[in-house]
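Take a look at the structure set out below.
The values are calculated or read from the model by the stated rules, or taken from the named source; none is laboratory data. Nothing here was measured: the structure is a model prediction, and the numbers come from that model. Neighbour counts run over all protein chains shown; Cβ positions are idealised from the backbone, glycine included. Surface areas here come from the heavy atoms of the whole protein model, side chains and all, with no ligands, DNA or RNA. Shrake-Rupley method; radii C 1.70, N 1.55, O 1.52, S 1.80 Å.
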Protein chains: 2
Amino acid sequence: MIVDSHAHVVAPSELYAWQGHLVANRANPDPGPPAIGDALLEETMQGHFKLMDSVGTDVQFISPRPYAMMHSMKPPKLVHAWNIFVNDLIARQAKAHPDRYRGVCGLPQTGTDPLDASVAELERCVKEHGFVGCLINPDPNEGEGPAPPGLGDEYWYPLYAKMVELDVPGLVHSASCGAPRESYTLHFINEESIAVISLLESNVFRDFPKLKIVISHGGGAIPYQIGRFRAWHFRRKKAGTFDELLRKLWYDTCLYSKESLEFLFRTVGTDRCLFGTEKPGTGSAIDPATGLWLDDVKRTIDSIGWLTETDKSRIYETNARELYPRAFLTAAGKK
Amino acid sequence: MIVDSHAHVVAPSELYAWQGHLVANRANPDPGPPAIGDALLEETMQGHFKLMDSVGTDVQFISPRPYAMMHSMKPPKLVHAWNIFVNDLIARQAKAHPDRYRGVCGLPQTGTDPLDASVAELERCVKEHGFVGCLINPDPNEGEGPAPPGLGDEYWYPLYAKMVELDVPGLVHSASCGAPRESYTLHFINEESIAVISLLESNVFRDFPKLKIVISHGGGAIPYQIGRFRAWHFRRKKAGTFDELLRKLWYDTCLYSKESLEFLFRTVGTDRCLFGTEKPGTGSAIDPATGLWLDDVKRTIDSIGWLTETDKSRIYETNARELYPRAFLTAAGKK
């Protein structure tokens, strides 16, 4: 089974028209959810399945499209309304096609506010909708104000406690970015680097030994920059090695380059990597030199000759089974 | 000849004691330069040469130690006094040992102020001290305030014009970092990623075709994250490829990991890479598993079997000769 653990919802334009309306009126009054009919939604999903089929994906874990999460918009009730509505739309898709989709929720994170609303939304999505994980945005101010403390800080502990209680992983993925020097796509990468170092220098995995965190896009800069963090680790005479620490986290394969994927697999080990494509998303571009889609990630991974069948099985399926047990429950509630 | 293009000044404690004094009194009144005698300075340099000899380095290009540049301190006259004094100390070292050192100046960058003082200091260091390049800090507010516009912005043009006029490269290297989520060492990496993308998406190399920019530490995240930027490039239907754009810049080998160095050489080409170690610096730690210094970068590069003699010659010397012509002038002013 080919499990794409990092993908985002494909929705009709009606969703984003409603987003425009919601922003324009600042959720005042709350406009209520838009009417997106079953037939239109089904047509959209069938288009998405064709894309998945074209690259051999059986199941996608779909979450809100991060750049559109609007975490930094005001007022908070707008952020809440939007994130909850998108989660509900994902739930409709996952319930309509349980053979193709699993739901991963966005959280209504706002600024540096306590995470109560996010914890409640995670619980609602898992218990009521059968979702299997959540996104975690390390910078809900989206580059335009102070971020909350790093992911190693106790600020995040209520969320981590709920994730452990529900046995769902979090995929670290920032949202948009209003900082003048960073596009959102570059902000993703920098936030992932900050997230990795903050987590690995913290007590989080001592305090939550069962916590499961996946870093998007192959871990930002950190696998490539491993040398300088090894040096800091040795110089500060910390126990073990930085390489061992790096393996406390998981990483997805949204890198769109064969050489980078090989580098990731060799650096963190195939037992810490989950297949992800975001298709359709950032990698949805054709390389004119080859005529191939950059986000046909399975084709790229399959072309890496030194990967064993066990390696590929881990990347495509078994690591996801270990990490996301709720994604593989049968109707009877068993794996 | 083994030319280490990225290294920082090794100075007696008297320098940093004077820094403490300068900060404590806010350069009010200007304390004047400290007395660091020739004998003490010579003793310090001899210690440094032993380190260079231990890893086979002939010449180091030495610049101010970035985390100590204090660009964000107030008032600006403190920043000016400190940067000018450190440059003058480097000049003393380079003049005392022209066989082992070349000077690379720090610039007295302050906040988002115009670069007049930096341009003047660059000219002074090149013309009066025979310096061969400069550091460029993309974020002189050191993570605690708004950075100037990205390096692709015309804000930087007066500096670029002077660099081209003098034919000296700039080494992109941020300084310290007061942002709560980033150590300075992680800030370096994120700032390098921002710098690469800002430069490559700008008109800088159209407007300054002879400008030479080196990105520290192997280019931050961007070589590893090349896939997503290839995709954006194709999707926006830009001319050429992102890989070609990446080769408008140079990168140094301060990565401290064999696998990362191999990745860099394969991704940007050995003709765009300059040997750098920062020894003594970030990589100055012994790996307990091997007993080797991580910043013995030449040993690591020499162990990469697929590099040809031409590749190694480029990395160790000839790229530096091309990029830093002033570093190889004879006493008669010829190469």
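General observations
- Averaged per residue, region B:1-109 has 39 square angstrom of accessible surface, using a 1.4 angstrom probe with ligands and nucleic acids left out.
- Across all Cα pairs in region B:16-82, the calculated P(r) in 5 Å bins from zero up to the longest distance comes to 3, 14, 20, 19, 15, 13, 10, 5, 1 percent per bin.
- The calculated 222 nm mean residue ellipticity attributable to helices in chain A amounts to -12000 deg cm²/dmol, summing -39500 (n - 2.57) over DSSP H runs of n ≥ 4 and dividing by all residues.
- Rg/Rg_globular for region A:189-335, with Rg_globular taken as 2.2 N^0.38 Å and Rg from C-alpha atoms: 1.13
- Placing +1 on the Cβ of every Lys and Arg and -1 on the Cβ of every Asp and Glu, with no other charges, gives the protein assembly as shown a dipole of roughly 500 debye about its Cα centre.
- Partner chain coverage, peptide B:178-189 - average Cβ within 10 angstrom: 6
- Temperature 37 °C, viscosity 0.692 mPa s: under these conditions the Stokes-Einstein estimate for region A:80-179, based on its Kirkwood radius over C-alpha pairs, is 237 µm² per second.
- Taking Cβ atoms as reference points and 10 Å as the exclusive limit, the residues near B:VAL297 contribute a net charge of -2, counting Lys and Arg as +1 and Asp and Glu as -1.
- Think of each Lys and Arg Cβ as +1 and each Asp and Glu Cβ as -1; about the Cα centre, that makes the dipole of chain A roughly 840 debye.
- Proximal aspartates and glutamates relative to B:LYS77, as straight alpha-carbon distance under 20 Å, when same-chain residues fewer than 8 apart are discounted: B:ASP30, B:ASP88, B:ASP113, B:ASP116, B:GLU121, B:GLU123, B:ASP139, B:GLU142, B:GLU144
- Cβ-defined net charge surrounding A:GLU142, 13 Å radius [Lys, Arg +1; Asp, Glu -1]: -3
- Surface composition of the protein assembly as shown: carbon and sulfur atoms hold 53% of the protein heavy-atom accessible area at a 1.4 Å probe.
- Calculated log₁₀ intensity ratio I(q)/I(0) where the Debye formula runs over C-alpha points of the protein assembly as shown, q = 0.06, 0.10, 0.11 Å⁻¹: -0.35, -0.94, -1.10
- Using a 1.4 Å probe over protein heavy atoms, the accessible area lost on pairing B with A, summed over both chains, comes to approximately 4100 Å².
- Per residue, the average separation of C-alpha pairs within less than 8 Å and at least 6 apart gives region A:1-59 a relative contact order of 64 percent.
- Our note on the geometry: Cα centres of region A:78-152 and region B:106-127, 47 Å apart.
- A simple spin-label model places the labels of B:SER13 and B:GLU309 4.8 nm from each other, with each point 7 Å out along Cα-to-Cβ.
- Projecting the Cα atoms of A:PHE263, B:PRO223, B:ASN28 onto the dipole axis of the protein assembly as shown, where Lys and Arg carry +1 and Asp and Glu carry -1 at the beta carbon, places A:PHE263 farthest toward the positive end.
- Based on Cα contacts under 8 Å between residues 6+ apart, region B:41-138 shows a relative contact order of 28 percent.
- The orientation-averaged projection of the convex hull spanning the C-alpha atoms of chain A amounts to 17.4 square nanometres.
- J(HN,Hα) series, region A:251-265, from Karplus relation 6.51 cos²θ - 1.76 cosθ + 1.60, nearest Hz, glycine and proline x: 9, 9, 9, 6, 10, 6, 8, 4, 5, 5, 5, 4, 4, 4, 4
- Peptide ranges B:22-32, A:223-233 listed from the most packed, as the mean C-beta count within 10 angstrom indicates: A:223-233, B:22-32
- Take every Cα pair under 8 Å whose residues are at least 6 apart in sequence, average their separation, divide by the length of chain A, and the relative contact order is 17 percent.
- For chain A, modelled as a GNM whose springs connect Cα atoms under 10 angstrom apart, the maximal fluctuation among A:ASP271, A:ASP295, A:ASP38 occurs at A:ASP38.
- Comparing B:LYS95, B:LYS50, B:LYS258 in a Gaussian network model of chain B (Cα springs below 10 Å), the most mobile by mean-square fluctuation is B:LYS50.
- Distance between the modelled labels on B:ASN28 and A:GLU43, one decimal in nanometres: 7.0 nm (7 Å Cα→Cβ projection).
- Accessible-area value, A:ILE286, 1.4 Å probe, nucleic acids and ligands omitted, Å²: 70
- Cross-link pairs beyond the 20 Å C-alpha cut-off, checked among B:LYS50/B:LYS258; B:LYS162/B:LYS210; A:LYS248/B:LYS279; B:LYS212/B:LYS248; A:LYS279/B:LYS238; A:LYS95/A:LYS212: B:LYS50/B:LYS258; A:LYS248/B:LYS279; A:LYS279/B:LYS238; A:LYS95/A:LYS212
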